[in-house]
1. Could you give me the residue pairs with C-beta distances under 8 Å whose first residue belongs to the range 42-55 and is at positive phi and at pLDDT below 95, whose second residue is basic (Lys, Arg) and surrounded by 13 or more Cβ atoms within 10 Å (Cβ to Cβ) wherever it lies, and which are 6+ apart or on separate chains?
2. With the requirement that a residue be of a type in the set (Gly, Ala, Ser) and loosely packed, with under 12 Cβ neighbours inside 10 Å, what does the range 57-73 give you?
3. For the chain, which helices (runs of 4 or more DSSP H) that fit wholly inside it have 2 or more residues that are within 13 Å of the chain's Cα centre (by Cα)?
Amino acid sequence: FLLTIIEALLKSDAELFILDPKNADLADLGTVMPHVYSQKEEISACVEDFYERMMARSKAMKEMSNYKTGENYAYLGLPPNFLIFDEYVAYMGANRFPTSIE
């Protein structure tokens, strides 16, 4: 299912970041495309980088001369960006991240 979604997104010129902590099918995409990660450290770095990129992008969009409240990246002619995180719950469980504030 996810491979079908990824294929469709690639046809839309989206920039994809794919995380596969179980190093399964999606990790194999790393041989044919960039931004595919399967190691814990790489995944953590990618999530942080993606967040920073989205915050910077939001700020840059608001500074564009054709920015309009309520419109999005497509209105401004920007490509979509997607972070695809396969097996997120398994990743969190395997890495023993707290699920709530104790």
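The values are calculated or read from the model by the stated rules, or taken from the named source; none is laboratory data. None of these values were measured; they are calculated from a predicted model. Neighbour counts run over all protein chains shown; Cβ positions are idealised from the backbone, glycine included.
1. If the second residue must be basic (Lys, Arg) and surrounded by 13 or more Cβ atoms within 10 Å (Cβ to Cβ), no pairs are left.
2. Kept after step one, since they are of a type in the set (Gly, Ala, Ser), are these residues of the range 57-73: 58, 60, 65, 70.
Listed by number, the residues that qualify are SER58, SER65, GLY70.
3. On the way: elements: 2-11, 40-62, 88-94.
Result: 2-11, 40-62.
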